[in-house]
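For reference, the structure discussed in these notes is given below.
The values are calculated or read from the model by the stated rules, or taken from the named source; none is laboratory data. What you see is a predicted model; the values in this text were computed from it and never measured. Cβ placement follows ideal geometry from the backbone for every residue including glycine, while neighbour counts extend to all protein chains displayed.
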Amino acid sequence: MTSAELTRVSDIIDSITLSAHNAKTSIASAEEGRVVCEPKRTGVVIMAFGPTSKDVTLFQHDPSWEIWGLNNGYYNATAYDANGVLRADRWFEIHEMHAQPSDDLIWMNKCPVPLYVADLAKTREYGPMPNAVQFPRERLQQEIGIGAWWACTFAYQIALAIHEGFTKIALLGMEFGSPREWIMERPNVLWWSAYALGRGVEIVIPEGSTFMEHPYSYGMQYDHEKLWCEMRVDNLMEQWGYARTAEGKAEHDRYQAGLIAALPEKTPWAV
C-alpha cells in the first residue's frame, strides 16, 4: 500500500468508536494473556467472513454474548452495528509479525479492545501495541490436555472460550471456500467444535451455513454421496490450480487493488 493509502486506513481506524453493547473488558496480565470481563458473559460469537457472518445482528445487542473478531475484519461491515460503531469485545491477530501487512500493523497499534497476538515481545517491536496480550497457547494446551492441532485462528478462539468457561459458542461465517480453508481449517474447527460439545458447550450454527454440510449419508446414499464428494474435490483442485497460474495471481492482485481503491475517507459503516 502507498503512504497515502496507509494514511487513509489510519484515519478510518481513528474514527472508530465502540458500541455501548460491548463487554466491559480489562487486561489483567498482558504477558499471561489474561483478560477479564465483568460481569462475565455466557456466550461468545466467533466471527469468520463467510455469508452467514451477517447473522451477527442477532447477537450485537444481547448482553449475554461477547463477539470476537480477527485479522483484517475491521474492514468488514459485520464488525459494526447499525449505527456504525465497532461491536467487538476482543480481537485476534495470531500471526508472526513478519507476515503482517502494513494496514494490519496500523490496526494492531490502534486496536481499541484486547488484542491476542502470537508473540507479545516481538509484537511490541513494531509499536506500542497498548491493548496487545499474549495468546496463552501453551497454557491452554497443558490445561485442556489435548494434542497440538492448531490449523487456524478459530481453533485458538474455541480453545480459549472452553478454557474461560463459556457455555455457548456461535460460529458465524464458517463457510470455508478456499482449498486451504476446506482441507486444513474446516476439519480443525469441526474437531474443536466436537470437543467443545463433549465438554458440555452448546455450539450455535446459523441457518444456511455449510460449515457442517455433508448432504448425503455415506454408503446409504452411495451414488449421490460419491458424486457430491467428487464434485467438491474437483472444485477444490480447480481453485488450487487457478491460484497458481499467472492469471490467478493477477486476478487476486486486481481484487486487492479494488478493495484499497474503494476505501472511503472516513468510517464507511456509519449510517
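Values computed for the structure shown
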| item | result |
| --- | --- |
| Residues that are among the aliphatic types (A, V, I, L, M) and surrounded by 15 or more Cβ atoms within 10 Å (Cβ to Cβ), drawn from segment 145-178 | A151, A155, I158, A159, L160, A161, I162, I169, A170, L171, L172, M174 |
| Flag if P179 is in contact with a helix residue (DSSP H, G or I) (Cβ under 6 Å, 6 or more places away or on another chain) and within 22 Å of L58 (Cβ to Cβ) | no |
| Strands (runs of 3 or more DSSP E) completely within segment 41-143 that count 3 or more residues being under 22 Å from S19 (Cβ atoms) and either touching a strand residue (DSSP E or B) at 6+ places or on another chain (Cβ under 9 Å) or without any contact (Cβ under 8 Å) to a residue 24 or more places away in the chain (or both) | 43-47, 65-70, 90-93 |
| Sole residue being out of contact with any Cys (no Cβ under 6 Å at 6 or more places or on another chain) and outside any helix (DSSP H, G or I), chosen from F166, F154 | F166 |
| Enumeration of residues in segment 104-132 that are crowded, with 19+ Cβ neighbours inside 10 Å, more than 17 Å from the chain's Cα centre (by Cα) and either closer than 12 Å to G33 by Cα or among the charged types (D, E, K, R) (or both) | K110, N131 |
| First in segment 20-33 and closer than 22 Å to L120 by Cβ, second anywhere and among the acidic types (D, E) and modelled with pLDDT of 95 or more, Cβ under 6 Å, 6 or more apart | A23/E66; A23/D89; T25/D89 |
| Qualifying residue in segment 185-198 (condition: on the phi > 0 side of the Ramachandran plot, surrounded by fewer than 19 Cβ atoms within 10 Å (Cβ to Cβ) and in contact (Cβ under 8 Å) with a residue 12 or more places away in the chain) | no |
| Those residues of segment 211-250 which are under 20 Å from G177 (Cβ atoms) and of a type in the set (D, E, K, R), in sequence order | E213, E230, R232, D234, E238, R244, E247, K249 |
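The rows are residues; the columns are (1) more than 19 Å from P130 (Cβ to Cβ); (2) surrounded by fewer than 19 Cβ atoms within 10 Å (Cβ to Cβ); (3) among the aliphatic types (A, V, I, L, M).
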residue: K24; (1), (2), (3): no, yes, no
residue: R34; (1), (2), (3): no, yes, no
residue: C37; (1), (2), (3): no, yes, no
residue: K40; (1), (2), (3): yes, yes, no
residue: K54; (1), (2), (3): yes, yes, no
residue: P63; (1), (2), (3): yes, yes, no
residue: Y74; (1), (2), (3): no, no, no
residue: Y80; (1), (2), (3): yes, no, no
